[in-house]
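The values are calculated or read from the model by the stated rules, or taken from the named source; none is laboratory data. All of these numbers come straight from a predicted model, not from anything done at the bench. Ideal geometry is used to build each Cβ from the backbone, glycine not excepted, and the neighbour counts take in all protein chains shown. Keep in mind that these areas ignore ligands, DNA and RNA; they rest on the heavy atoms of the full protein, side chains included. Shrake-Rupley method; radii C 1.70, N 1.55, O 1.52, S 1.80 Å.
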Amino acid sequence: MKLLFLIGYSNGGCVLRLNIFSGLIRKAAKKPEPCTSEPGSVDSKVFKDEELKNEKISRSLKKNVEYLDTILGRNVDAVFREFRLGAGKKENACLVYLDSLTDETRISDNILKPLLLGVAGVDSPGDNLTDVVGKSILVAAEIRSKVYNMQDVVSEILYGGSALFIDGCEEAVITILKEWPQRPVDKADVEGTVRGPKESFNETISVSTSLVRRRLRTPNLVIEGLNLGRMTHTSVALAYLKGVVSPGLLKEVRQRIDRIDIDGILESGYIEELIQDDPYSPFPQIAYTERPDRVVAALLQGRVCVFTDGTPMVLFMPATFSDLVQNPEDYYERYHFATMIRLIRFLGLAVALLLPSFYIAITTFHQEMIPTQLLISIAASREGVPFPALVEALIMEITFEALREAGLRLPRAVGQAVSIVGALVIGQAAVQAGIVSPLMVIVVAVTGIASFMSPSYSLALALRLIRFPLMFLAATLGLFGVMTGVLAMLIHLAGLRSFGVPYLSPLAPLKISDLKDFAVRAPWWAMHKRPSELAKRNVRRIAPDLKPQPPSESGDEKAFASGDGSAGPNTRTNGSAQHDKVRTPAVSRAGSKGGGGSGQGA
């Protein structure tokens, strides 16, 4: 090793320069390996939408094929089928498509066979040849014969289309013959009901929109299409009902979606987080569903729905707290039972949120509120438990959440067994080991069951999250802390908005007419108007005076209901005789069941 010290003096100062030359270090240093791909090679080149948009289709077939080969050539599913137009034509052509996204049988029958055999009578030189091929030769439902840039060509190919290039033509013919694996329409997995439709959306956006079209047969239903994601180019559809939706709401939804700039959209949750009003609130401000009937109901109320390709969940907005508590089956059963179930559901949400906090607060600070006999039982059950009530509750709540998460992630048959057996075994073992009291196991179990009563999974997640801060407030401040937390939550909910609609409407601000469909469900003949916060025009959805009435008690009706045939045609007018003639089949069927059945049939 050689050491060389250079000492220099300048302006009364001393500068020490140390240069160390080491042969060993020089030998140990390695030069970087040369890059296998050059900066301008095909492997390293990234194609952007602006570049593809500026690249126009050339008249030279060879140039077009070479350019597309630099983009798609390294893909194993890319097919470049070069051929010559048949029946004496001299023009060369090339068909480009991805065999993983297209139906090759239909391509062979509807594109290649007509082009190879059926161009005999075509005498259209130059660019007109693409028009003739698109309008007279190819057999497909969706054909575009006016595509001039490579961006449109590549986008259509990646969406399941095929691009036809003809030598001498500066435009391409796009034929859509897409086919890819998709899940069939199945039963609703998340939002199951006893009565009502069983169908659910799937991951293909065209299938999901068709399920809505089949139920809402009106020309006022508009489904707008757009693409989101710089890389994924995910198909998104915006659905609304003209004449019912508020123009301001529709404009706001469009603006929020149009400003999304992200590399990929894989699920509707991406869009939900990017367009919601308050990103820091744990409460969902946009609802989602997998049921077509619920989407149709939302459209009829004046909401906007967003379909996303690749997910069966459809977003609809605005969403209020009452929307997240309601179930589609509430409108299929009679209003008596729907109201009772809805009230039980509200009670279950309160239990899921507050029961552990109340137990902790009462057993820790407010023992005087407990009856003496119950207090003795609680004290006896907690004898030998080394932890305070808060630690007990945290142990059981975290264990319950872990079991619930494990049951969701495991296969269905195994997951249910793990959830049930795990809860029984762990709960019993914890009680016998003296870690928790039996009453705490009951409290946590009731809380878990109550949380399952929420129709909205996102709302149940919010309540499960807020439950833990309330438990800490109960352990430190008692019932005063619980009430403080509840008031803070209510203040937050009162100020929350979903696309400008108050989150607690129609309760805050109070809308008397809309309370018919909040905690109770009024009969259909009483709900004349759409929600006032949503529908600003065409507010009436049901005709007046549709309340069912018993039949009028006229002389003819009395004789008709009693089954007495003495009232013959001679005692009636011609109009009533003709009316009875029309209803004769109903009379003959009801006559065997007695007078009461015939009156009901009337």
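Based on Cβ point charges of +1 for Lys and Arg and -1 for Asp and Glu, what charge dipole magnitude is obtained for region 335-502 about its Cα centre, in debye rounded to the nearest 20? Please report the intermediate quantities before stating the final value.
Details: 9 positive and 6 negative charges, 119 e Å.
Dipole about the Cα centre, nearest 20: 580 debye.
List every residue whose amide H lies under 5 Å from the amide H of residue 179, counting only residues 5 or more places away in sequence or on a different chain, with H placed 1.01 Å from N in the peptide plane.
102, 103
What residues have an amide H closer than 5 Å to that of residue 145, excluding those fewer than 5 places away on the same chain, when H is modeled at 1.01 Å from N in the peptide plane?
174
Just by accessible area at a 1.4 angstrom probe, what is the order of 480, 518 from largest to smallest? Display every interim value, and only then the final one.
Working: 480 145, 518 30 Å².
Ranked list, largest accessible area first: 480, 518.
For region 205-319, with every protein chain kept in place, what is the accessible area per residue (1.4 Å probe, Å²)? Intermediate values should be presented prior to the final figure.
Values: 4630 Å² over 115 residues.
It amounts to 40 Å² per residue over region 205-319.
Name the aspartates and glutamates eligible as straight-distance cross-link partners of residue 511: C-alpha to C-alpha under 17 Å, and not fewer than 8 places from it in the same chain.
Reachable aspartates and glutamates: 323, 533.
Under a 1.4 angstrom probe, counting protein chains only, how are 316, 400 ranked by accessible area, largest first? Walk me through the numbers on the way to the answer.
Working: 316 5, 400 45 Å².
From most accessible down to least: 400, 316.
Can you give the accessible area of residue 476 in Å² (nearest 10), computed on protein heavy atoms with a 1.4 Å probe?
Ignoring ligands and nucleic acids, residue 476 comes out at about 90 Å².
Grab the beta carbon distance between residue 490 and residue 263, set R0 = 45 Å, and tell me the FRET efficiency rounded to 0.05. Before the final figure, lay out the partial values.
Values: r = 39 Å, r/R0 = 0.87.
Once the sixth-power term is evaluated, E becomes 0.70.
For region 303-309, take each phi angle, set θ = phi - 60°, evaluate the Karplus expression 6.51 cos²θ - 1.76 cosθ + 1.60, and give the result in whole Hz per residue in order, putting x for glycine and proline.
Those phi angles translate into 8, 10, 10, 10, 9, 10, 5 Hz.
Could you order 67, 280, 288, 148 so the one with the most accessible surface comes first? Probe is 1.4 Å. Before the final figure, lay out the partial values.
Details: 67 35, 280 200, 288 65, 148 100 Å².
I get 280, 148, 288, 67, largest accessible area first.
Can you find, among 389, 410, 379, the residue sitting farthest towards the positive end of the charge dipole of region 376-451, where Lys and Arg contribute +1 and Asp and Glu -1 at Cβ?
410
What pairs from 62/146; 62/113; 48/90; 56/135; 113/178; 113/146 go past 26 Å between their alpha carbons? List each step's numbers first, then the result.
Working: 62/146 20 Å; 62/113 22 Å; 48/90 35 Å; 56/135 23 Å; 113/178 18 Å; 113/146 22 Å.
From the list (62/146; 62/113; 48/90; 56/135; 113/178; 113/146), the Cα-Cα distance tops 26 Å for 48/90.
Considering only protein heavy atoms and a 1.4 Å probe, what is the carbon-and-sulfur percentage of the accessible area of region 231-332?
Numbers: 1830 of 3480 Å².
That share works out to 53 percent.
Pop a pseudo-label 7 angstrom from the Cα along the beta-carbon direction at both residue 106 and residue 547 and give the gap in nm to one decimal.
Using points 7 Å along Cα→Cβ, the separation is 5.5 nm.
Heavy atoms of the protein only, probe of 1.4 Å, neighbouring chains included. What is the accessible area of residue 187 in Å², nearest 10?
140 Å²
Could you pull the accessible area for residue 431 with a 1.4 Å probe, rounded to 10 Å²?
About 50 Å², ignoring ligands and nucleic acids.
By the gyration tensor of its Cα atoms, with a ≥ b ≥ c the square roots of the eigenvalues, what is the shape of region 65-202: rounded for a/c under 1.5, prolate for a/b over b/c, or oblate? Each step should come with its number before you reach the end.
Values: a/c = 2.77, a/b = 2.09, b/c = 1.33.
Because a/c hits 1.5 or more and a/b exceeds b/c, region 65-202 counts as prolate.
Using amide H atoms built 1.01 Å from N in the peptide plane, name the residues 5+ places from residue 287, or on other chains, whose amide H lies under 5 Å from its own.
316, 319
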